[in-house]
Protein chains: 2
Amino acid sequence: MKQRITLKHIAKIFDVSIATVSKSLNDSHEISTETKEKIRAYAKEHHYKPNSIALSLLNKKTKTIGIIIPNILNSFFAKAFVGMEKVASENGFSIISCMTNESYEKEVNIMELLKNGTLDGFIISLSEGTQLKQDFSHLSNAINEGLPIVMFDRVTNSVECDKVIVDDMQGAYHATEHLIKSGCKNIALISEIHKVSVGKLRLKGYKKALNDNGIELDDSLILNVHKKDDFNKLLNPYIKDNKIDAVLSLDENSAIKAQRVLLENNYKIPEDISIIGFTNGKLPRFVTPSLTTMSQHGRNVGEVAAKMLINRLNSEDDIDYTTKVIKTSLIERETTKRL
Amino acid sequence: MKQRITLKHIAKIFDVSIATVSKSLNDSHEISTETKEKIRAYAKEHHYKPNSIALSLLNKKTKTIGIIIPNILNSFFAKAFVGMEKVASENGFSIISCMTNESYEKEVNIMELLKNGTLDGFIISLSEGTQLKQDFSHLSNAINEGLPIVMFDRVTNSVECDKVIVDDMQGAYHATEHLIKSGCKNIALISEIHKVSVGKLRLKGYKKALNDNGIELDDSLILNVHKKDDFNKLLNPYIKDNKIDAVLSLDENSAIKAQRVLLENNYKIPEDISIIGFTNGKLPRFVTPSLTTMSQHGRNVGEVAAKMLINRLNSEDDIDYTTKVIKTSLIERETTKRL
DNA sequence: AATCTTTGCGAAAACGTTTTCGCAAAAAAA
DNA sequence: TTTTTTTGCGAAAACGTTTTCGCAAAGATT
């Protein structure tokens, strides 16, 4: 285990000061070409790399951003993460990442931990726990301590900062209207995410679309489910009486789960019943029949969020906070009728 | 944008030296209770947090590990990542993560960049590019510079370090044998990953199982495919002549793609043809019929890898390098016949 | 009253880097 | 030759922290 080479080492070798070495490596005009060349040659040969910790301490900048997401196994977050990683890496930033597993406590702890100087700023999507508790002081504290935040997807109005959101309401509205236009009248809404902001907005879009199209809202068609729920049981009452002719799922999984149950009950899709889901991962594409979904363009969301943060970090003066809205788009596949 | 509070600030407030402040906050017996209490109270009130950059510089330890994976959208890597994050966070380590997108250049660049002192060690799964190029000097350099590495899944014998691998050969052997025992004789092998170590090992297992069970190897049944290939075209020759009665897929996607084509061609699964895939993400579980897969226990792989690295980092003396093998297990679902 | 011990604190070094400023020697100009 | 300018380099401070050592004052022991 060799010692890492430092300016001091090199200085000793050539019997010069560390200042001279530093300046040589930075190609300062203060140093003679001769000296510069021999020092740079030596440094190169021995793979000298400036210690970035020392630089961070000096410059009070770490060129590192913290990304805090609820769960990387969710394909929307995974895609957003990929987008951020791309932009960060293009701009010479490193990424420190954390998963909150939807826990408020983990979110607070991890942020407290990372406020210790290792980071220049945060990109975060709120955990379910945080959105339930409605306590955002860990976020405002970070901003007060000089650490800018970009919130994406799951955001809150209670914190003033840059935001990147998906037009969830509009997306759900669009999806619902698409179902209506293709002849569906009894559209069940299934959601595992009724507790988070995003879920609420999508519900709003669903309701508005029904209303605008003269369909009365039937509360019994709104199913707020949990991850472990048995979809067979859940859907049974509706299937028995042929009560529904479409399913709009607000999250990644429940559309697929519903589809399974419907297929098992010999429904023809999309003839008897149409399905639209949210979040466009691999799943909807590969399932049979392939699932029509609203794409939230996760990668794009991530790219935009990272750009916003990096812009702010790179700019001298204060920029006004902005909120960017990424448009969803409907990816038509086999679970909906063509209009 | 407030200044972050430092020892110096506090020292000035109470007109003491920074040494006194530091000692007070660390509850040193050298300082009178009175002084300690007032300083600690003030520090707490003003949310003082020691600057970890300064500490890192002092201790030459960053409590941060670098995780380098080809692609987080692959569910095996995503799961491994989750496992690592869990273990790291439990042990007070932060994670800096990077995706190579299978590129040798990106892998080298990112490692060079991160060798600058920000990290205590690496966990890496080699990119396809690196496995093709067979140039591992960026890895051995890291080790020489005192940065331990744990390699997982895609490893190489050319670098001596800790490793966590899946028993790929045994897994493929097991899967193949399972197909044989359920009556299959013409088992097609489809692989998108023939270029990487893991794919080669699995192929070996497949061949050995055939051999051990007295089935002659038919090279025409081995299909090395590419991500963008059209599976319809690809499988057409085999379908036309009913040439195969089973498919063993070595990667995450091709089993699903093959299944689609087979279903479209009115094969009954598993009666006419059985399918087994590798990598147990959401996809195989949700697809209809659900897909029998070899689980590689990604989360477990990740946990073990992180533990190995952290153990090494936390221990004073040199530990011998070890390689841990995680056993795969067959998850029987609907694409294989029950034995 | 003289000595020894304890208590409470500060000075300074160390981690690795960049940068400002000063200064001597060499080169150029007078 | 004397003065001015340029060239080449080093000393020192700064970033924020911990820790070792030294030292004075107070307290305890003779």
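The values are calculated or read from the model by the stated rules, or taken from the named source; none is laboratory data. None of these values were measured; they are calculated from a predicted model. As a convention, Cβ positions derive from the backbone with ideal geometry for all residues, glycine included, and neighbour counts pool all protein chains shown.
Residues of region B:1-36 being touching an Asp or Glu at 6+ places or on another chain (Cβ under 7 Å) and in a loop (DSSP other than H, G, I, E, B), which ones? Listed by number, the residues that qualify are B:LYS2, B:ARG4. Taking the criterion of being over 26 Å from B:LYS63 (Cα atoms), within 14 Å of chain A (Cβ to nearest Cβ) and near DNA strand D (Cβ under 9 Å from one of its atoms), the only residue of region B:1-36 that qualifies is B:HIS9.
So, of the residues in region A:195-216 that are hydrophobic (A, V, I, L, M, F, W, C) and in a helix (DSSP H, G or I), which turns out to be surrounded by the most Cβ atoms within 10 Å (Cβ to Cβ)? Even if it seems obvious, please write down each step before you answer.
Keep residues of region A:195-216 that are hydrophobic (A, V, I, L, M, F, W, C), which gives A:196, A:198, A:201, A:203, A:209-210, A:215.
Among the residues that remain, those that are also in a helix (DSSP H, G or I) are: A:198, A:201, A:203, A:209-210.
Numbers: A:VAL198: 28, A:LEU201: 19, A:LEU203: 21, A:ALA209: 23, A:LEU210: 21.
Checking each candidate, the answer is A:VAL198.
Where residues in region B:7-34 are surrounded by 16 or more Cβ atoms within 10 Å (Cβ to Cβ) and among the polar types (S, T, N, Q), which of them is nearest to DNA strand C (Cβ to nearest atom)? Top of the filtered list is B:THR20. Among the residues of this structure, A:LEU147 counts as one that is more than 14 Å from the chain's Cα centre (by Cα), buried (at least 20 other Cβ atoms within 10 Å of the Cβ), hydrophobic (A, V, I, L, M, F, W, C) and not in a helix (DSSP H, G or I). Has region B:161-169 got at least one residue that is out of contact with any Asp or Glu (no Cβ under 9 Å at 6 or more places or on another chain) and within 11 Å of another protein chain (Cβ to nearest Cβ)? There is no residue in region B:161-169 that is out of contact with any Asp or Glu (no Cβ under 9 Å at 6 or more places or on another chain) and within 11 Å of another protein chain (Cβ to nearest Cβ). Helices (runs of 4 or more DSSP H) fully within region B:217-310 that include at least 1 residues being closer than 23 Å to B:LEU330 by Cβ and either hydrophobic (A, V, I, L, M, F, W, C) or within 12 Å of chain A (Cβ to nearest Cβ) (or both): B:254-264, B:282-286. Scanning region B:94-115 for residues that are part of a helix (DSSP H, G or I) and over 22 Å from A:THR118 (Cα atoms), we see that the one that is farthest from the other protein chains (Cβ to nearest Cβ) is B:TYR104.
Can you say whether A:ILE5 is within 44 Å of the chain's Cα centre (by Cα) and closer than 26 Å to A:LEU113 by Cβ, as far as the supplied structure shows? In short, no.
Determine whether B:ILE39 is more than 11 Å from chain A (Cβ to nearest Cβ), part of a loop (DSSP other than H, G, I, E, B) and surrounded by 14 or more Cβ atoms within 10 Å (Cβ to Cβ).
no
The set of residues in region A:90-99 that are more than 13 Å from the chain's Cα centre (by Cα) and buried (at least 19 other Cβ atoms within 10 Å of the Cβ) comprises A:PHE93, A:SER94, A:ILE95, A:ILE96.
Restricting attention to region A:42-93, the residues that are in a loop (DSSP other than H, G, I, E, B), facing chain B (nearest Cβ under 8 Å) and within 11 Å of DNA strand C (Cβ to nearest atom) total 3. Residues of region A:279-333 that are small (Gly, Ala, Ser) and surrounded by 16 or more Cβ atoms within 10 Å (Cβ to Cβ): A:GLY281, A:SER290, A:SER295, A:GLY298, A:GLY302, A:ALA305, A:ALA306. Just one of (1) hydrophobic (A, V, I, L, M, F, W, C); (2) touching a residue at least 24 places away in the same chain (Cβ under 8 Å); (3) under 24 Å from B:THR288 (Cα atoms); (4) in the same structural domain as A:ILE190 (by TED's automatic domain parsing) fails for A:PHE286. It is (2).
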